[in-house]
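S.K.: Handing you a structure now.
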Amino acid sequence: MPDRGGGPTGPRIRVGRPSRRARTLLMTLGVLAVLAMLFVMFAGFWTDWLWYRSVNYSSVFTTTLWTKIGLFAVFGLLMALAVGLNIWLAHRLRPPLSAMSLEQQSLDRYRMGLAPYKKWVLLAITALVGLIAGASASGQWRTWLMWVNGVPFGQKDPQFGLDVSFFAFDLPWYRFLLGFGFAAAVLSLIAAALTHYLYGGLRITSPGARATAAATGHLSVLLGVFVTLKAVAYWLDRYGLAVKSSDFKATGNWTGLRYVDANAYLPAKTILFCIAAICAVLFFATLWRRTWQLPVIGFGLMVLSAILIGGLYPAIVQKFQVQPNEQAKEAPYIEKNIDATRKAYDIDRTKAENYSGKSTVKAKDKLRADSDAAASYRLVDPNIVSPTFQQLEQRRKYYQFPTTLDVDRYQGKDTVIGLRELNIKGIPKRNWINDHFTYTHGYGAIMATGTATDANGSPIFTESGLPTTGQTPKYEQRIYYGEKTEQYSIVGGPQKELDYEENGEKTTSYKGKSGVNLSNTFNRAAYAVAFSEPQILYSGAIGDGSRILYNRTPKQRVEAVAPWLTIDGDAYPAVIDGRIQWIVDAYTTTNGYPYASRTTLGDTTTDSLTANNQTRAVVAQQNQVNYIRNSVKATVDAYDGTVKLYQWDTEDPVLKTWMKAFPGTVEPKSAIKADLREHLRYPQDMFKVQRELLTRYHVQNAAQFYSGSDAWQVPDDPTNKDGNAVPPYYLSLKMPGETQQQFSLTTTFTPNGRPNLGAFMAVDADANSKDYGKIRLLRVTSDVPGPAQVQNKLNSLPSVAQFVRDLKGADSDIQYGNLLTVPLDGGFLYVEPIYAQGRNALYPLLRKVAVSYVDADQPEGDTTKDTTVFEDNLAKALNAVFGVDGETPTTPPPSDPTKPPVTGEAALQQAIADAQKAFADSEAAMKKGDWTAYGKAQDELAAALRRVAEADAQRKSDAGKNADKPAAGADTPASG
């Protein structure tokens with residue numbers, strides 16, 4: 001060994017291999033590093049398994065996992081075998097070295113280099129292609145499960161007479177298999193050709209034969225397999241025409257066969273199938289003939305046929321047969337498209353009823369009386385009053401309400417509801433303990449009647465306070481799972497949670513069973529890795545009983561336990577049987593319903609509310625579908641996160657298919673309790689998809705559909721300047737011919753390119769109704785102003801202009817509420833609440849109500865029809881729009897002039913008695929659920945309290961004046 005430093009007598013340092021101890025240390029560190037990497041990869045899998053087990057849906061996890069593993073293994077192995085076998089076969093069929101050309105001899109160095117590692121190279125190549133193919137195949141787990149569990153639709157397509165399930169469940173799987181076969185054939189062909197070239201079976205520049213007989217036979221078989229697959233592809237393409245998308249001026253987005261497809265493409269695909277099959281036989285025959293002549297001729301014929309028969313011939317048919325008389329040629333196919341689309345989107349039972357738009361009632365007082373019974377006009381707009389809830393009921397900065405509140409029914413009345421959820425950004429002091437251990441949940445459901453406000457324009461709360469009290473029986477008010485609850489929390493351990501602060505700080509400890517137990521050190525380590533938070537592993541705040549809660553939004557939880565469902569964009573809360581339950585609507589969809597036009601869910605469900613509110617942005621996927629059903633109603637418990645899925649559409653074959661694939665995950669419809677059913681409603685996103693389709697598919701005549709003369713559009717929201725569609729509104733109203741109000745979801749249409757009202761659409765949204773889901777479409781047959789025209793007329797009123805000027809002078813802004821449309825006695829009644837908010841104020845208040853009654857049969861000079869008014873409250877506005885005298889609003893009746901007015905202490909006592917009576921009337925009305933009487937009593941209470949204040953001030957003033965006067969008979973002070 002060479003010396004390092006020192007002289008002849010100095011120390012000598014030997015440089016050589018590391019000592020055994022060092023090698024052991026390095027090996028140990030290496031093993032630990034590998035184990036750490038494996039644990040990091042394993043942590044995600046383990047935490048997912050723990051979560052699914054905690055919500056009692058472990059079968060979903062295992063079914064999905066084993067399906068992915070099975071597909072990965074089978075198709076990865078098949079691809080590896082296909083490529084590896086052909087490489088091995090090409091190597092085995094190599095010619096002897098003596099027969100090699102000079103060109104091939106130049107490759108000796110490559111062959112010599114590979115010789116010692118042939119097996120390893122073969123294994124590496126096959127493993128690589130197998131891994132890639134397996135990973136791709138595992139992503140097809142939904143396609144596999146739908147194919148193997150597919151349930152018949154019981155409906156046949158009009159072209160081939162096959163059940164719809166073939167196109168929805170079978171055809172996607174066959175196409176995957178075909179694509180996999182093409183990939184295997186191409187990779188095998190490339191690998192075999194390279195191997196043959198490397199070992200002399202193929203020659204490029206050498207004179208003589210370009211390929212050996214063995215190479216020719218091998219490659220011809222692979223080409224024969226490829227062409228055979230192409231023949232199968234041509235055959236499947238015939239069925240693919242039934243679900244093919246194309247542009248068609250009559251519909252824009254067309255799905256299914258048209259004239260040229262049925263009369264040109266379909267026979268062309270059949271002919272090409274036959275040609276490809278013959279061409280494949282010629283390639284296989286090369287095994288015996290050992291010549292490429294016939295296969296090459298056949299392949300060239302196939303390519304030429306594809307150009308002429310598959311491309312040029314259909315173009316000629318379209319140009320010279322279809323275009324000269326397109327409407328007549330396409331009529332049968334348009335009828336098929338209309339029929340299939342209406343069935344696929346569940347609008348086939350919808351019929352457009354003619355509605356004149358002309359009032360059938362002439363008497364003013366009758367119109368006024370009918371207007372009260374026509375609807376429960378929602379003056380509290382859930383899209384505007386969230387700041388009002390926030391200011392009046394937030395109570396602490398670490399609570400929040402959603403930007404858009406929800407509409408539900410309690411005691412049969414429309415109610416606006418919002419949950420007081422946790423706002424992590426409002427915590428006074430942010431740190432890891434506070435964020436995840438101390439502040440863990442929101443508290444209470446706040447409710448207000450939807451049809452009235454108090455004298456100040458604020459909502460009339462029917463459930464309020466902290467803890468809340470009101471109309472709702474006692475319930476669990478803590479909210480651990482909500483739309484705004486996105487961070488994880490660790491609860492139930494030694495660290496106490498802040499419950500709420502009201503007359504002192506209250507603490508609690510979570511008693512629910514949800515979440516994953518962190519008492520186990522291994523689990524803590526896994527979550528420390530999964531959440532990139534090492535404190536989870538060693539924090540003293542975690543101990544016996546600690547549980548970690550995550551995936552806490554209702555949408556996240558339902559999507560996780562049912563990954564085959566598409567989730568509605570608006571989960572809404574309801575107090576049911578002593579618990580707050582989030583109700584989530586879920587859809588089954590497919591893209592394979594023959595002839596049904598496709599729609600993009602993300603675009604179709606966007607409106608003026610969802611555009612700027614991500615918590616309500618649907619079905620946020622941009623996936624295209626052409627079949628949809630609201631087949632599942634799901635609930636998520638706000639306290640313990642329990643997820644339950646209920647079958648809602650008992651006839652849906654797509655849901656039945658998934659229930660076969662995941663048995664036991666969806667409970668039968670009969671399991672829905674009555675208390676829950678009372679709060680179920682028709683979902684908004686389903687309604688928006690249907691209304692978008694009905695803009696065109698309300699027309700069932702092929703000629704009229706082709707011309708587009710009766711096409712509608714969903715109007716832009718006139719109360720919002722962003723240009724997005726008007727949202728649908730939940731409203732209790734009485735449709736024409738009905739005897740009582742029904743909770744409904746409503747929208748309007750205008751003719752394409754015009755602002756007047758084209759139609760009014762409503763669906764029975766009450767799950768307890770026998771007509772639930774029944775869509776009624778009122779086609780307006782006269783020229784009636786539409787929402788934008790009514791809004792424009794309102795804005796042009798002098799009283800509105802003066803109101804806006806006064807607001808601007810007071811440094812306030814105006815906010816227009818939901819413009820509600822209600823059919824009334826042949827005409828339409830528009831009702832719009834108007835809110836005002838000071839620039840420095842924190843919340844808007846209802847200040848005015850605009851009402852317009854539009855009637856196409858307005859006589860000249862008749863001011864009771866087609867009139868827009870702008871008043872202080874709804875009663876005044878309805879009186880004014882129909883020209884009738886109303887009651888004097890909320891002011892005490894004038895005193896009898898023959899009697900002296902009540903003043904002083906007597907006036908004060910009278911006012912106090914009036915206030916007590918009004919308060920008692922309010923309580924009685926609230927218990928009965930009579931919100932009209934409740935609102936009136938609240939107005940009387942406010943008026944009485946004002947009189948109390950005035951009488952008390954007058955009494956004090958009189959007392960002060962009397963104190964300044966000298967007593968009767970007293971001497972005046974002496975002067976000087």
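S.K.: Which of the residues spanning the stretch 242-265 are closer than 18 Å to Tyr627 by Cβ and either among the basic types (Lys, Arg) or out of contact with any strand residue (DSSP E or B) (no Cβ under 7 Å at 6 or more places or on another chain) (or both)?
M.R.: Residues satisfying the conditions are Ala242, Lys244, Thr251, Gly256, Leu257.
S.K.: Let me ask you something else. Among all residue pairs at least 6 apart or on different chains, which show Cβ distances below 7 Å where the first residue, located in the stretch 295-311, is in the same structural domain as Ile271 (by TED's automatic domain parsing) and the second is among the polar types (S, T, N, Q) and at pLDDT below 85?
M.R.: Close Cβ pairs (under 7 Å, with a partner that is among the polar types (S, T, N, Q) and at pLDDT below 85) amount to Pro295/Thr286.
S.K.: Of all residues being touching a residue at least 24 places away in the same chain (Cβ under 8 Å) and more than 20 Å from Ser356 (Cα to Cα) in the stretch 789-804, which is nearest to the chain's Cα centre (by Cα)? Just the residue, please.
M.R.: Gln791
S.K.: Hey, can you tell me all the residues within the stretch 575-597 that are of a type in the set (A, V, I, L, M) and surrounded by fewer than 23 Cβ atoms within 10 Å (Cβ to Cβ)?
M.R.: Ile576
S.K.: Which of the strands (runs of 3 or more DSSP E) found entirely inside the stretch 471-516 contain at least 3 residues meeting this: of a type in the set (Asp, Glu) and not assigned by TED's automatic domain parsing to the domain that holds Ser58?
M.R.: Because the criterion is at least 3 residues that are of a type in the set (Asp, Glu) and not assigned by TED's automatic domain parsing to the domain that holds Ser58, the strands (runs of 3 or more DSSP E) in the stretch 471-516 that meet it are 497-501.
S.K.: Tell me, yes or no, whether the stretch 392-410 has at least one residue that is farther than 26 Å from Ala877 by Cα and β-branched (Val, Ile, Thr).
M.R.: Checking the stretch 392-410: at least one residue is farther than 26 Å from Ala877 by Cα and β-branched (Val, Ile, Thr).
S.K.: If you don't mind, another one. Which one of these is modelled with pLDDT of 90 or more, in a loop (DSSP other than H, G, I, E, B) and in contact with a helix residue (DSSP H, G or I) (Cβ under 6 Å, 6 or more places away or on another chain): Ala525, Ala541?
M.R.: Every option except Ala541 fails the conditions.
S.K.: Using beta carbons and a limit of 9 Å, which pairs, at least six apart or on different chains, have the first residue in the stretch 906-922 and at pLDDT 70 or above and the second one hydroxyl-bearing (Ser, Thr, Tyr)?
M.R.: From residues that are at pLDDT 70 or above, the pairs are Asp921/Tyr934.
S.K.: Taking the stretch 321-353, which residues are without any contact (Cβ under 8 Å) to a residue 24 or more places away in the chain and either assigned to a strand (DSSP E or B) or not acidic (Asp, Glu) (or both)?
M.R.: Hits for the stretch 321-353 are Gln323, Pro324, Asn325, Ala328.
S.K.: Additional query: Take the conditions surrounded by fewer than 20 Cβ atoms within 10 Å (Cβ to Cβ), within 26 Å of Gly310 (Cα to Cα) and touching a Phe, Trp or Tyr at 6+ places or on another chain (Cβ under 6 Å) and apply them to Trp235. Does it pass?
M.R.: So Trp235 passes the test.
S.K.: Restricting to the stretch 239-252, what's the tally of residues that are surrounded by 19 or more Cβ atoms within 10 Å (Cβ to Cβ) and part of a helix (DSSP H, G or I)?
M.R.: Total meeting the criteria: 4.
S.K.: I'd like to know if the stretch 849-861 contains one or more residues that are modelled with pLDDT under 50, assigned to a loop (DSSP other than H, G, I, E, B) and either over 39 Å from the mean Cα position of the chain (by Cα) or within 16 Å of Val790 (Cα to Cα) (or both).
M.R.: Yes; the residues of the stretch 849-861 include at least one that is modelled with pLDDT under 50, assigned to a loop (DSSP other than H, G, I, E, B) and either over 39 Å from the mean Cα position of the chain (by Cα) or within 16 Å of Val790 (Cα to Cα) (or both).
S.K.: Here is a list: Asp170, Asp157, Asp163. Which entry is in contact with a Lys or Arg (Cβ under 8 Å, 6 or more places away or on another chain), within 18 Å of Gly240 (Cβ to Cβ) and of a type in the set (D, E, K, R)?
M.R.: From the options Asp170, Asp157, Asp163, the qualifying one is Asp163.
The values are calculated or read from the model by the stated rules, or taken from the named source; none is laboratory data. Values in this document were obtained by computation on a predicted structure and should not be read as measured data. Every residue, glycine among them, receives a Cβ derived from its backbone with ideal geometry; neighbour counts consider all protein chains shown.
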